[in-house]
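Undergrad: My structure is below; once you've seen it, I'll send some questions.
Where a number appears in this text, it was derived from the coordinates with a stated rule and is not lab data. Everything numeric here is computed off the predicted structure, so don't read it as measured data. Here the Cβ positions follow ideal geometry from the backbone for every residue, glycine too, while neighbour counts run over all protein chains shown.
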Amino acid sequence: MNAIEVIRAKRAHLSRLANEGGAAGEIEAVSRVEQWIPRPKGAALSLLLQELSAVGVRIRRSSFDAISTPKPVDFGCRESVRAALPEMTFIEVKSSNQSRVKPGFEGFFFALTESEIAAADQLGARHKVALFNRLTGELQLTNIPDIIARSRSMTWQLSIQL
């Protein structure tokens with residue numbers, strides 16, 4: 001293999017495996033659904049997590065990307081968050097920009113983190129996974145049990161930070 005072939009192979013590898021637009025995919029998916037809002041940040045997110053904890057749901061900040069809510073919520077107001085909490089659905093967005101992903105998301109390879117699975121377990125029907133194909137615009141709302149039931153393969157890994 002000469003130098004040019006190595007560079008081409010590296011580019012193909014990066015194109016196939018790297019989803020450098022993950023955050024962009026989340027933003028794009030959330031913008032397509034009127035009732036979805038991005039995950040709050042800072043003090044607003046802390047307040048939301050406190051209110052969830054008060055009802056026995058202990059999830060991490062990174063457990064979801066968006067919230068579906070039928071009416072506006074003031075995430076700076078504890079009472080507003082508390083009143084809206086039973087109607088909130090927490091959404092994890094998994095986006096793809098890969099041409100190999102077929103309609104219905106056949107061939108879509110992605111990871112589910114321990115915190116995402118724990119959130120789904122605690123929230124039950126109030127947790128959804130949005131599969132979003134950035135190339136075609138296809139958006140499919142599902143859940144972790146259904147994803148696992150239709151998976152063709154699973155590879156477990158241990159992620160470590162030193």
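Undergrad: If I build a Gaussian network model for the chain, linking alpha-carbon pairs within less than 10 angstrom, which residue out of 29, 44, 130 has the largest mean-square fluctuation?
TA: With Cα springs under 10 Å in the chain, the top fluctuation among 29, 44, 130 is at 44.
Undergrad: Given only helices, namely DSSP H runs of n ≥ 4 each adding -39500 (n - 2.57), what is the per-residue ellipticity at 222 nm of the chain, to the nearest 500 deg cm²/dmol? Present the calculation step by step, with values, prior to reporting the outcome.
TA: Numbers: 6 runs with 63 residues, N = 162.
My calculation for the chain gives -11500 deg cm²/dmol from helical runs alone.
Undergrad: Here's a follow-up. May I ask for the distance between the Cα centers of region 24-41 and region 92-149, given as a whole number of Å?
TA: 14
Undergrad: Could you work out the relative contact order of region 20-150, using alpha carbon pairs under 8 angstrom and six or more residues apart, expressed as a whole percent?
TA: Values: 195 pairs, mean separation 31.4, N = 131.
Relative CO of region 20-150 lands at 24 percent.
Undergrad: Can you tell me what share of the DSSP beta bridges in region 20-150 is antiparallel? A percent to the nearest 5 is fine.
TA: Numbers: 10 of 17 bridges.
Around 60 percent antiparallel, to the nearest 5.
Undergrad: Tell me which aspartates and glutamates have Cα within less than 16 Å of residue 71's Cα, excluding those fewer than 8 residues away on the same chain?
TA: Partners within reach: 34, 79, 87.
Undergrad: Sticking with this one: Order of 117, 147 from fewest to most other C-beta atoms within 10 Å?
TA: Details: 117 15, 147 18.
With the sparsest Cβ surroundings first, the list reads 117, 147.
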